[in-house]
Amino acid sequence: MSTAASVRTASGVGRRLLSQPRPLHEAIAAAACTSRAQGALDAFASSAPIGNASTSATTHHARAISSMGRPPISPPSPSPAAPPTFATLRNKVTMPFEAPKGGQPYASPYAEFFANVDAGRSSLGTTEEMERRACEIKEQHLDCGIPESALRFVTASYGRFALPPYVAPGEHRVTVKVSLDAIPFESEQEREVFLQIVGSRYNPQKGDLQLSSEKFASRIENKRYLVDMIERIVASARKLASDFAAEDGKAGPAATS
């Protein structure tokens, strides 16, 4: 049904409703309904040409584009890539970077690498035994014979103060502990002399000798001072023990004569 026919039908219905004798309130309601219907039809009729114009413009635009003769552009379809085979991977590793020329024999660029693998060497050409010997740490000993690993140093850090002297009183104190079994005594007399020299600094329950120092304003210097003190104590004990042994040796022949 066209728009003009719809308008004529609505007008005829309105005239028939108004021509019949009705009460006043029914006539008013019928007139209101007729006016609303007429307004809706007018709005639809006014919007119809716009839609037709846009449709025709769209059709014309589509025809103009299609008349150019260009094929439609479609997105490329993803093609699944084939997984690499073992032969492909082997060729990438074994094939040379450049083909040999003049009938030269093929030389793999990884020949040295595989030769090291067959010989049990690393990429640097070193064997496991060579690396083990290189990683071994040679034990260092003091002049008195005590191994450096037997020395246990203890320090404490209190942080820096905001006011002078900026450090805590025990900031540079260093304590060293060494087991008595780590000291190589040459005789039992040396051991007794050593214990008499150190006195209460030796703990018989733990079997450790403990020395402390804060003579210097540096932990490194205090460590060196303690190590030197241990060496001097051991050297003094050995010297005194040898002197006592020499005196006993002189006193022995005199007593027998």
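The values are calculated or read from the model by the stated rules, or taken from the named source; none is laboratory data. Keep in mind that this is a model prediction, so the values were computed, not measured. Neighbour counts are summed over all protein chains in view; Cβ atoms, including those assigned to glycine, are modelled from backbone coordinates with ideal geometry. We work out accessible area using only protein heavy atoms, side chains counted, and drop any ligands, DNA or RNA first. Shrake-Rupley method; radii C 1.70, N 1.55, O 1.52, S 1.80 Å.
Which pairs break 32 Å Cα to Cα here: 215/239; 206/239; 215/250? Don't skip to the end; give the middle numbers.
Details: 215/239 27 Å; 206/239 27 Å; 215/250 42 Å.
With Cα atoms farther than 32 Å apart: 215/250.
Rounded if a/c is under 1.5, else prolate if a/b is larger than b/c, else oblate: which is segment 201-250, with a ≥ b ≥ c the root eigenvalues of its Cα gyration tensor?
On the way: a/c = 4.80, a/b = 1.89, b/c = 2.53.
Oblate, since a/c reaches 1.5 and b/c is not below a/b.
Using protein chains only and a probe of 1.4 angstrom, how many square angstrom of residue 183 are accessible, to the nearest 10?
Result for residue 183: roughly 10 Å² accessible.
Roll a 1.4 Å probe over the protein chains and send me the accessible area per residue for segment 120-220 in Å². Write down the numbers at each step before the final one.
Working: 7190 Å² over 101 residues.
Solvent-accessible surface per residue comes out at 71 Å².
Summing +1 for each Lys or Arg and -1 for each Asp or Glu, what net charge is found among the other residues whose Cβ lies under 15 Å from the Cβ of residue 204?
Net charge in that neighbourhood comes out at +1.
If R0 is 41 Å, what FRET efficiency do you get for residue 239 and residue 126 from their C-beta distance, rounded to 0.05?
Working: r = 48 Å, r/R0 = 1.16.
The computed FRET efficiency comes out at 0.30.
Rounded, prolate or oblate for segment 138-193? Axes are the square roots of the Cα gyration tensor eigenvalues, ordered a ≥ b ≥ c, and the cut-off for rounded is a/c under 1.5.
Verdict is prolate for segment 138-193.
Where does segment 101-257 land on Rg(C-alpha)/(2.2 N^0.38 Å)?
Values: Rg = 28.1 Å, N = 157, 2.2 N^0.38 = 15.0 Å.
The value comes to 1.87.
Under 17 Å from a point 7 Å along the Cα-to-Cβ line of residue 217: which residues of segment 133-171 have their amide N that close?
Only 158-171 fall inside the zone, counting backbone N under 17 Å.
How much accessible area does residue 114 have with a 1.4 Å probe, in Å² rounded to the nearest 10?
100 Å²
Label segment 108-167 by shape, choosing from rounded, prolate and oblate, from the square roots a ≥ b ≥ c of the eigenvalues of the Cα gyration tensor; if a/c is under 1.5 it is rounded, and otherwise prolate applies when a/b is larger than b/c, oblate when it is not. Write out the running numbers ahead of the final one.
Values: a/c = 6.86, a/b = 2.18, b/c = 3.15.
Because a/c hits 1.5 or more and a/b fails to exceed b/c, segment 108-167 counts as oblate.
Given a 1.4 Å probe and every protein chain left where it sits, what share in percent of the accessible area of segment 104-249 is carbon and sulfur?
Numbers: 5360 of 10160 Å².
Carbon with sulfur: 53 percent of the solvent-accessible area.
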